[in-house]
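Beneath this line is the structure, given in structure tokens, with notes to follow.
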Amino acid sequence: MINGSNNEHLVKELIYQVSGIPIDRIGLEDSLLVTLGLDSVEMIDLLMRLETFRVTIPSTQITAALRVRNIVEYLAAASCPEGVQRVL
């Protein structure tokens, strides 16, 4: 299983790859849409990259309230062994 620190770095790296925002300027409480300003193309790119890690974010969750921390939590839940459920 990937630990939390690695999950956080991986999510920030993916956001950097799709948006060009430096990793050190991405905070856990940043909103992907409001604070970081990802546009629809960048969001789709990020979601597709996350799917390679078995992370699927429901479309109802993709709002201004979606924060980097939420993506890290989704990634942590996806990396849990099967049969283990995590409440987000």
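Here are some notes:
- Pair list, Cβ under 7 Å, 6 or more apart: the stretch 25-39 residue more than 13 Å from residue 71 (Cβ to Cβ), other residue of a type in the set (A, V, I, L, M, F, W, C) and assigned to a loop (DSSP other than H, G, I, E, B): 34/64
- The stretch 57-72 - residue that is at pLDDT 95 or above and in a helix (DSSP H, G or I) and, of those, surrounded by the most Cβ atoms within 10 Å (Cβ to Cβ): 71
- Some residue of the stretch 33-51 being of a type in the set (Lys, Arg), farther than 17 Å from residue 5 by Cβ and buried (at least 18 other Cβ atoms within 10 Å of the Cβ): no
- Tallying residues that are in contact with a strand residue (DSSP E or B) (Cβ under 8 Å, 6 or more places away or on another chain) and crowded, with 17+ Cβ neighbours inside 10 Å within the stretch 1-30 yields 1.
The values are calculated or read from the model by the stated rules, or taken from the named source; none is laboratory data. Keep in mind it's a predicted model, so treat the numbers as computed, not measured. In this analysis, Cβ positions are derived from the backbone assuming ideal geometry, glycine residues included, and neighbour counts consider all displayed protein chains.
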